[in-house]
Structures are given as structure tokens and as C-alpha cells.
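Only one structure is covered here, and it is reproduced in the block below.
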Amino acid sequence: MDYIVREKCSEIRALARMSLRKNWAKVTVAMMIYYLLLVTLPLAIDELIPAATLEQYNALLEETVEYPLVSTLYTALLAGVFEVGLYSFLIYFVRRREISTVHLFDGFEHIVKALWLTIRIGFFTFLWSLLLIVPGIIAAIRYSQSFVVLADHPEYSAKQCMDVSKQYMKENKGKYFCLILSFIGWALLATIPSVFIPATLSGIIYVIVDFVISIPHFFFLAYFNTAMMVFYELVSRNLVAAPKEETKEEFEF
């Protein structure tokens, strides 16, 4: 039976803040590690690989390659793995208040399945995007819970994860979209420091400065991703509203 999330976006955010109470620092550190693995490390790879290496690739392929091959391959292979790890961390945190950054690497236990899920989602989203931008956005929202489902049910196949996500989002696409939009102000505030990065910076110094100046963004990621996890808990019925005779602010697992 499909479940419609009727809680307001403000209530979902409040539940996220409730979970983060006294845990902001620890969860933010986890987001720093996640960002380091997914963004900073590829940037560092781009800067550390000599330009001559790219020229060798061009000579080998007999064409000009404008993008860094190693970091692109790294991201393509491991983005899904790190996403599964992120949600594995959040599942333990939101449900058990267990905070262990080791869970960020849980995705490596299912690396093949995570990669196949990444390919399937990318393929179907691309097909819908061929129609117009809006169908592509709807498809992305439809499959948005797939990696959370894989983290929660690693025994599922990639197709099962997508099917469950479709079922969860059948009547909840609008709520999910509005929840994302409700964070726009926070996202803009978090990106303000990046405006002050000198345009003259380059190389590994730029990578280091980018990471340090992204600290406000890590707090935003902690808030945003915890709220996304609360949404999943609601739509999957792991978290349900308390009976009507109790105060509406109370929720129970």
C-alpha cells in the first residue's frame, strides 16, 4: 500500500534538527569525509597528474581529450558507492543515533550493484530527458530513493531498488521536490564563502582552499542529508506520526 507523506516540509526539517541536536559536529565531520572522497580527491587527482600524461592519452587516442580521464573514471565508478555509504551512515545515525564514519565505506561491499544501479538510473533518466527537461526531472525524483533502498536492503537487486523507489515516490514527488526547494536559502548561504576564493588560485593550493572554505557547506550537507533521510523514514513507514490524541510534534519509530 502506497504511503503519502503528509508532514509539512517544516516538520521534516524539525525532525532532522531534532536528530542533529548534540550531534552537529560529528555528523558534519562525516559530511567532510564524504565531500573529501567525492569531490576533493578527484580535484587533487586532476592537479597531481602531470599535464604530460594527458598529452600521452591524446597521442594514444589520436584525438584531443579535454577532460581529466583518471578523475572522471574515479567519479563514474565510485559516486554510487559513496552514495550508498552516505545513506548507510545516515540510517545508523537516524535510527540508532550510532555515529560511525566507517559506515561511509559500506558501499564498497556492494560496489558492483551500486555501479549497475548508477548506470540504470542514468540510462532511464536520460531517456526521459530526451522528451523534455521536466520529464527528466520527474524521472530523477522517481528514482531518488534507489540508493537509500540499496543501503537499507543490500539484498535487493538494482531493479528492485528502482522499483521500490518508484513505489515510494508515486504520490510523494511533489513533497520531495518542495522539501529540496525549502533548502535553497541554506544552500545559498553555504556557498557565500566560495565567492571569496581568489581567481588566481590554481593547483593543489586551490584544492586545499576549496576544502577549507567549504566548511559551512558541510554543515548544510549534514542538515540537508539528515532531512532527506527523515523523508525516507517517513515514506518507508519506518518513522510514523504519533496517534492523533498525542501531540502532533511526537513521532515514533
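The values are calculated or read from the model by the stated rules, or taken from the named source; none is laboratory data. Everything quoted here is computed from the prediction, not taken from an experiment. With ideal geometry, Cβ positions are generated from the backbone for all residues, glycine too; neighbour counts draw on all protein chains shown. The accessibility values were calculated without ligands, DNA or RNA, using every heavy atom of the protein model including side chains. Shrake-Rupley method; radii C 1.70, N 1.55, O 1.52, S 1.80 Å.
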Report summary line: Along the range 12-23, Karplus-curve 3J(HN,Hα) (6.51, -1.76, 1.60; θ = phi - 60°) to the nearest Hz, with x for Gly and Pro, reads 5, 5, 5, 5, 5, 5, 5, 5, 7, 4, 6, 10
Query raised in the report: In square angstrom, what is the accessible area per residue of the chain with a 1.4 angstrom probe?
Result: 55 Å²
**Report entry** Karplus-derived 3J(HN,Hα), 6.51/-1.76/1.60, for each residue of the range 169-182, Hz, glycine and proline x
**Finding:** 8, 3, 10, 10, 4, x, 4, 5, 5, 5, 5, 5, 4, 5
Report task. For the chain, find the longest principal axis of its Cα atoms and tell me its angle to the long axis of helix 24-35, 0 to 90°, nearest 10. Result -> 40 degrees
Query - Nearest-ten-degree value, helix 111-129 long axis tilted from longest Cα axis of the chain - result: 90 degrees
Query raised in the report: Pick from Val149, Val207, Val70: which is most flexible by mean-square fluctuation in a GNM of the chain where alpha carbon atoms under 10 Å apart are linked?
Result: Val70
Report summary line: For Asn225, the net charge from surrounding residues (Cβ-Cβ under 14 Å; K, R +1; D, E -1) works out to +1
Query raised in the report: Points 7 angstrom from Cα along the Cβ direction at Ala14 and Ile133: gap in nanometres?
Result: 3.5 nm
Requested in this report: For the pairs Lys113/Lys173; Lys8/Lys159; Lys8/Lys170; Lys22/Lys166, note any where the Cα-Cα span goes beyond 23 Å.
Outcome: Lys113/Lys173; Lys8/Lys159; Lys22/Lys166
Query - Candidate values (1) 34, 23, 17; (2) 26, 20, 18; (3) 31, 21, 19, label of the one derived for semi-axes √(5λ) of the Cα gyration tensor in Å - result: (1)
Query raised in the report: Cα-based Rg of the range 104-151 per 2.2 N^0.38 Å, rounded to two decimals?
Result: 1.27
Requested in this report: Rank-order 6-13, 166-173 by packing density, defined as the average count of other C-beta atoms within 10 Å over each peptide's residues, highest first.
Outcome: 166-173, 6-13
Query raised in the report: Based only on Cα atoms, what Rg/Rh ratio does the range 75-198 have, Rh being taken as Kirkwood's radius?
Result: 1.01
**Report entry** Potential extension, Leu41-Thr72 segment - 0.36 nm per residue separation minus Cα distance
**Finding:** 10.0 nm
Query raised in the report: With Cβ to Cβ distances under 14 Å as the rule, what net charge do the other residues near Phe124 carry (K, R +1; D, E -1)?
Result: +3
Query raised in the report: Under the rule of -39500 (n - 2.57) per DSSP H run of 4 or more residues, summed and divided by the residues of the chain, what mean residue ellipticity at 222 nm is obtained, to the nearest 500 deg cm²/dmol?
Result: -21000 deg cm²/dmol
